[in-house]
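The values are calculated or read from the model by the stated rules, or taken from the named source; none is laboratory data. None of the values given here were measured: they were computed from a predicted structure. In this analysis, Cβ positions are derived from the backbone assuming ideal geometry, glycine residues included, and neighbour counts consider all displayed protein chains.
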Amino acid sequence: MRTKLFSVGGLVLVLLAFIVTRQVFFTVNETEQVIITQFGEYKRTIQQPGLAWKMPFLQTVNRFDRRILTSDAPKAEYLTQDKKRLVADPVTRWRISDPLLFYKTVRDESGARARLDDLVLSEMRREVASHNFALVIGGKRETIMENVARSGREKAKEFGIEVVDVRIKRADLPQEVQQSVFSRMVAEREREAKRYRSEGDEESAKLKAETDKQRTILLAQAKQDSDKLRGEGDGTATRVYAEAYGKDAEFYAFVRSLQAYEQFLGKRSTLVLPADSDLFRYLSSPQPRPATNVTPAHGTR
């Protein structure tokens, strides 16, 4: 019986030792930073990872993430300098820089996100209200968000928070004005398309007119050159015919007659002429009669 009591007592002692050890020692991860409090009063901060200790049952371990966190604010409507409405949802990246101040002011991450969202939305309204709509959604967007992050960073220090940056996930027009804006954009694009088509037609007409002009000039020049060459060729042919006639008039008349036969006599041609016709004087008699009046035919082939 006594042995049994001793074994039960040993198990109780082991269990108590385990519980006390769990209450005294704890681990700090690389992604954490810890604040030790005793009945709500701050005692010390632990930022180095590893094994740490505390007073059992009296002190409490408060763990805070040391990584970069994200706060996604709900969509809100902003008014630009030119009185146009804009719907945007900013995203804030931040980290806990002072765990003690963070614990005293906002207590936990949910409280920090609520404070950050209010702060960022306030700075967004101020910055957007000082710029026109086109600049907010265009080239000035990055500068505006840098200004919001800078202002938010200064104010977030009061809560032990470091603001890394602020970005806009999406910027839209309010639903009730989107259709009118899209219709206006379509009309503007149609005007641009008509202007481009008109300019293209005008340029096309200019090119066609210039092409027709060059074509007319080239054809006229070619015809002029052709007439000139034809005239020179006819002159040369006339000179050659004249020279041939001057050397042997009878032979020239004979050749010209043969050429004439080839022109008007076919394979089955029938021609009725008087027997003494000059046209057949080389066919009717082996001794040709003197030509009555043979003149070189200009241009005859």
Among (1) of a type outside the set (D, E, K, R); (2) in a strand (DSSP E or B); (3) without any contact (Cβ under 8 Å) to a residue 40 or more places away in the chain, which single condition is residue 23 missing? (2)
Log entry, pairs with first residue in segment 231-245 being closer than 20 Å to residue 255 by Cα, second being hydroxyl-bearing (Ser, Thr, Tyr) and assigned to a helix (DSSP H, G or I), beta carbons closer than 6 Å, six or more apart or on different chains, reads 244/252; 245/252
Among 71, 130, 110, 97, the single one that is at pLDDT 90 or above, of a type in the set (Ser, Thr, Tyr) and farther than 27 Å from residue 33 by Cβ is 130
Which helices (runs of 4 or more DSSP H) sit wholly inside segment 108-159 and have at least 3 residues that are free of Cβ contacts under 8 Å to residues at least 24 places away in the same chain? 109-128, 141-156
Can you pull out the strands (runs of 3 or more DSSP E) entirely within segment 44-83 that have at least 1 residues that are more than 13 Å from residue 96 (Cα to Cα) and among the hydrophobic types (A, V, I, L, M, F, W, C)? 50-53, 59-65, 76-79
Kindly provide the set of residues from segment 113-156 that are among the aliphatic types (A, V, I, L, M) and under 30 Å from residue 102 (Cβ atoms), ordered by number. 114, 116, 119, 120, 121, 124, 128, 144, 145, 148, 149, 156
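Quick grid of which residues meet (1) closer than 27 Å to residue 114 by Cβ; (2) acidic (Asp, Glu); (3) modelled with pLDDT of 75 or more:
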residue: 156; (1), (2), (3): yes, no, yes
residue: 162; (1), (2), (3): yes, yes, yes
residue: 165; (1), (2), (3): yes, yes, yes
residue: 178; (1), (2), (3): no, no, no
residue: 182; (1), (2), (3): no, no, no
residue: 186; (1), (2), (3): no, no, yes
Test: residue 101 is more than 16 Å from residue 166 (Cα to Cα), part of a helix (DSSP H, G or I) and within 35 Å of the chain's Cα centre (by Cα): no
